[in-house]
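In what follows, a structure is listed as structure tokens, so that the remarks can point back to it.
The values are calculated or read from the model by the stated rules, or taken from the named source; none is laboratory data. Remember, predicted model here, so these are calculated numbers, not experimental data. For neighbour counting, all protein chains shown are included, and Cβ atoms are generated from backbone atoms with ideal geometry for every residue, glycine included.
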Amino acid sequence: MLNTSLFKFLTQPVVGVALLSAVNVAVPSVSLAQRQPLPRTTQTPTTPTQLDTNYSLGGGDLIRVNVFEVPEYTGEYQIPPGGAINLPLIGSVSVLGFTTEQAADEIARRYARFLKRPLISVNLLSPRPINIFVAGEVTRPGAYTLSLSGGAGNNPGVQYPTILAALTTAQGVTLAADVTQVQLRRKIGRSSEQAVTVNLKELIQTGRLTQDITLRDGDTIVVPTATNFNVAESRNIFAANFAASQTTPRTVTIIGEVNRPGSYLVTPGNTDAQGGAGATTNSGTASPTGLPNVTRVIQLAGGITAQADVRNLKLRRPTRTGSEQAIDINLWQLLQSGDANQDIIVQDGDTIVIPTATEINPAEATQLATTTLSPTSIQVGVVGEVKKPGLTQVQPNSSLNQAILAAGGFNDARASSKAVDLIRLNPNGSVTKRIVKVDFSAGINEQTNPILRNNDVVVVSRSGAASFGDTVGTVTGPLGIVLNLLNLFGL
């Protein structure tokens with residue numbers, strides 16, 4: 001578009017024809033969208049289409065200033081960081097924050113002191129790189145420099161980076177993000193700012209690229225934290241190309257009623273025979289095919305214990321605001337109705353808490369033992385007067401009676417079959433011992449037929465008043481260590 005002063009001059013009879021015949025007029029390289037009048041006040045549009053798209057000049061831009069009346073004043077200028085260029089005759093002129101049209105008007109105003117009718121145009125030859133800032137729920141918040149692609153300057157093939165490119169450069173949004181309220185802030189001119197809200201969920205669902213706005217130098221993108229966690233939307237975010245990488249290992253902590261509480265490095269992978277789904281362990285890393293979800297972390301931790309309350313899991317997720325998202329998980333609903341939304345995808349820094357059940361339903365405990373939430377087997381020790389003393393592999397949620405039978409049953413000639421000692425190594429490092437009366441006719445109950453935990457030890461004494469110390473003393477390996485601990489604790 002020609003400078004306004006030049007347009008008025010050219011529309012005059014005869015003069016315009018003569019000048020156009022003698023001068024090859026240069027047209028500033030701005031798009032149709034960039035030719036809109038520049039707002040002078042702060043605006044807060046409600047849709048991305050209201051965002052001002054004019055190109056504001058700044059340090060690093062290469063421009064050409066055409067002075068038609070005095071060709072020797074015409075030249076190319078690299079705008080310095082301060083924004084002022086030094087022109088013949090008039091000296092320093094600041095064009096920082098101006099569009100090419102505004103810059104032409106300002107230069108024409110300055111030349112008006114020396115030229116009767118200054119005819120000025122400004123062309124953008126090579127735009128500067130785009131410096132933006134990304135904040136909020138992204139993997140790596142911070143400042144980034146984005147390069148232009150395609151042509152440059154007068155070449156219309158130049159492509160400016162978009163919001164999605166910026167989010168990808170920041171290594172993607174986190175699963176705690178609210179992608180329906182992404183904010184883009186843009187400086188307008190020298191003092192104003194404009195802000196719009198972008199709904200990337202709409203982009204995912206409809207493919208409307210109007211949500212993916214092209215960026216300008218100095219833009220700020222803020223991805224807010226979701227106030228209400230939505231599992232389905234979280235899965236959609238995980239699958240989007242502007243989310244954090246699906247294959248990046250993530251450290252997740254799991255505590256409570258699992259066999260091996262602790263922190264695990266979770267990577268995509270298949271579930272192995274020991275339940276080691278997609279984790280980096282001593283044996284290596286699984287192949288990247290599965291999703292890093294809650295059930296896989298449970299498998300890494302050796303499965304749930306018999307005391308786990310699978311209805312009331314809690315996932316604590318840190319956010320960029322310094323707070324935590326608290327997400328309720330009901331894995332019983334997953335097992336009963338196949339509600340995959342309960343199997344939440346985890347991200348780096350998550351903590352999974354599996355509480356202790358206040359009441360154990362034997363039927364449910366038996367059903368849980370057959371699921372992938374439980375380990376394939378647990379190890380208990382049955383020592384003393386049984387037919388096959390030693391370490392015994394039993395199914396999860398097996399009871400005391402089942403462990404004794406797995407060890408071949410009582411040694412009838414020597415065993416004291418009325419009661420046994422149950423020794424337990426607790427997660428906090430303490431050791432407990434209690435006497436359990438044996439009743440093979442009873443179902444699962446805490447008094448006479450309790451459910452065993454991994455590494456429990458059942459001690460069957462000799463009948464009568466005889467000591468079982470000589471039998472226990474011959475035990476080696478893990479059981480020997482357990483019994484030595486008993487001696488230390490005086491149990």
Worksheet, complete the sentence: Of the residues in segment 327-367, those that are of a type in the set (G, A, S) and within 30 Å of L400 (Cα to Cα) come to A357, A363, A365
Discussion item. Looking only at strands (runs of 3 or more DSSP E) that lie completely in segment 52-127, which have at least 1 residues being within 27 Å of S149 (Cα to Cα), within 40 Å of the chain's Cα centre (by Cα) and not hydroxyl-bearing (S, T, Y)?
Written reply: 62-67, 120-126
Worksheet item: In segment 237-264, what count of residues is obtained for those that are polar (S, T, N, Q) and more than 12 Å from the chain's Cα centre (by Cα)?
Response: 4
Worksheet item: Which of the residues belonging to segment 191-220 are under 20 Å from S234 (Cα atoms) and hydrophobic (A, V, I, L, M, F, W, C)?
Response: V198, L200, L203, I204
Discussion item. Would you confirm whether or not segment 386-408 contains a residue that is surrounded by 15 or more Cβ atoms within 10 Å (Cβ to Cβ), among the charged types (D, E, K, R) and assigned by TED's automatic domain parsing to the domain that holds N445?
Written reply: no
Response to the item:
Counted residues in segment 217-258 being under 29 Å from R186 (Cβ atoms) and among the basic types (K, R) come to 0
Worksheet item: So, of the residues in segment 338-368 that are part of a loop (DSSP other than H, G, I, E, B) and loosely packed, with under 15 Cβ neighbours inside 10 Å, which turns out to be modelled with the highest pLDDT?
Response: T358
Worksheet entry | Test: residue in segment 406-418 that is in contact with a helix residue (DSSP H, G or I) (Cβ under 6 Å, 6 or more places away or on another chain) and more than 24 Å from R260 (Cα to Cα) | no
Worksheet item: List the pairs whose first member sits in segment 376-395 and is within 12 Å of S461 (Cα to Cα), whose second member is of a type in the set (D, E, K, R), and whose Cβ atoms are under 7 Å apart, counting only residues at least 6 apart or on separate chains?
Response: E385/R414; E385/R462
Discussion item. Looking only at segment 239-256, filter to residues that are farther than 16 Å from V346 by Cα and in contact with a strand residue (DSSP E or B) (Cβ under 9 Å, 6 or more places away or on another chain); which one of those is modelled with the lowest pLDDT?
Written reply: F242
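Okay, residues lined up against (1) more than 30 Å from P141 (Cβ to Cβ); (2) outside the structural domain of A143 (by TED's automatic domain parsing); (3) crowded, with 20+ Cβ neighbours inside 10 Å:
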position	(1), (2), (3)
S94	yes, yes, no
G97	no, yes, no
E101	yes, yes, yes
E106	yes, yes, no
R109	yes, yes, no
I120	yes, yes, yes
Fill in: Qualifying positions in segment 297-337 - of a type in the set (G, A, S) and assigned to a strand (DSSP E or B)
A308, A326
Worksheet item: Is there a residue being more than 30 Å from R128 (Cβ to Cβ), charged (D, E, K, R), buried (at least 18 other Cβ atoms within 10 Å of the Cβ) and touching a residue at least 40 places away in the same chain (Cβ under 8 Å) anywhere in segment 251-259?
Response: yes
Worksheet item: Out of (1) outside the structural domain of G302 (by TED's automatic domain parsing); (2) closer than 25 Å to S441 by Cβ; (3) not polar (S, T, N, Q), the odd one out for L373 is which?
Response: (2)
Discussion item. Looking at the structure I just gave you, is T271 out of contact with any Leu (no Cβ under 7 Å at 6 or more places or on another chain), farther than 30 Å from L184 by Cα and modelled with pLDDT of 90 or more?
Written reply: no
Worksheet item: Can you pull out the residues in segment 215-230 that are surrounded by fewer than 16 Cβ atoms within 10 Å (Cβ to Cβ) and either within 30 Å of P129 (Cβ to Cβ) or of a type in the set (V, I, T) (or both)?
Response: T227
Discussion item. For segment 159-238, give me every one of the strands (runs of 3 or more DSSP E) that falls completely inside it and has 1 or more residues that are under 29 Å from P249 (Cα atoms) and at pLDDT 85 or above.
Written reply: 182-188, 220-223
